[in-house]
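See structure below.
None of the figures in this text is laboratory data; all of them are computed from the coordinates on show. Bear in mind the structure is a predicted one, so any value in this text is a computation, not a measurement. Positions of Cβ are backbone-derived with ideal geometry, glycine not excepted, and every protein chain shown enters the neighbour counts.
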Amino acid sequence: MSGPGSSPAVVIGIGNEFRRDDGAGPAVIGQLRGRVPAGVRLVITDGEPTRLIDAWTGAALAVVVDAVRVLGSEPPHPGQVHRFVVDRPGTEAGRAASSHGFGLDEAIALAMALDRMPGRLIVHAIEAADLTQGPGLTPAVAAAVEIVAVAILDDLAASRPEPRSAGGLDDRCS
């Protein structure tokens, strides 16, 4: 796995705002604009694996948000949020089916094979209700967008190094 790179963090929203709940990822990115720490990149992508890999390569932390259908979840729970840290292919990401043809798990496997993983990868998955054509999120998914935005801000805050206290050993003496 690649170590931390030149970018402290990137948040990637996967989706298409013209496929109803598939627009959850871009909606979260919209909620984060103006709220993330300096240096954090916000990216919207369609989920194509090489674009995902390009977006997160060199980042110390990559946070991905996507609309999903959870396999084996009957009945579905639209708006339910799942968060997991991915450290190898076949982890919990395999339980959720992305709303895109080629899943996140395959992108992770390819990135690992190419040594292009971020230092740490966190996935926030929002269960979708409606993936048909048209704009607008269903109410349950729309409600989850702010919840995920706040959770991502928490992830970003937790990944920042602790500030050094005044009078510490690294302070300069005059």
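Remarks
- Taking 0.36 nm per residue of sequence separation and removing the Cα-Cα distance, the Met112/Arg41 pair yields an extension gain of 23.4 nm.
- Along the range 110-120 the Karplus relation, 6.51 cos²θ - 1.76 cosθ + 1.60 evaluated at θ = phi - 60°, assigns HN-Hα couplings of 5, 4, 5, 5, 8, 6, 10, 7, x, x, 8 Hz to successive residues, with x for each Gly and Pro.
- The 3J(HN,Hα) values that the Karplus relation (6.51, -1.76, 1.60; θ = phi - 60°) gives for the range 55-63 are, in residue order, 5, 9, 4, x, 7, 5, 9, 10, 10 Hz. Gly and Pro appear as x.
- For the range 1-87, size of Cβ-based charge dipole, Lys and Arg +1, Asp and Glu -1, in debye: 300 debye
- Scalar couplings 3J(HN,Hα) for the range 36-46, obtained by applying the Karplus form with A = 6.51, B = -1.76, C = 1.60 to θ = phi - 60°, are 8, x, 4, x, 7, 8, 10, 10, 10, 9, 7 Hz; x denotes Gly and Pro.
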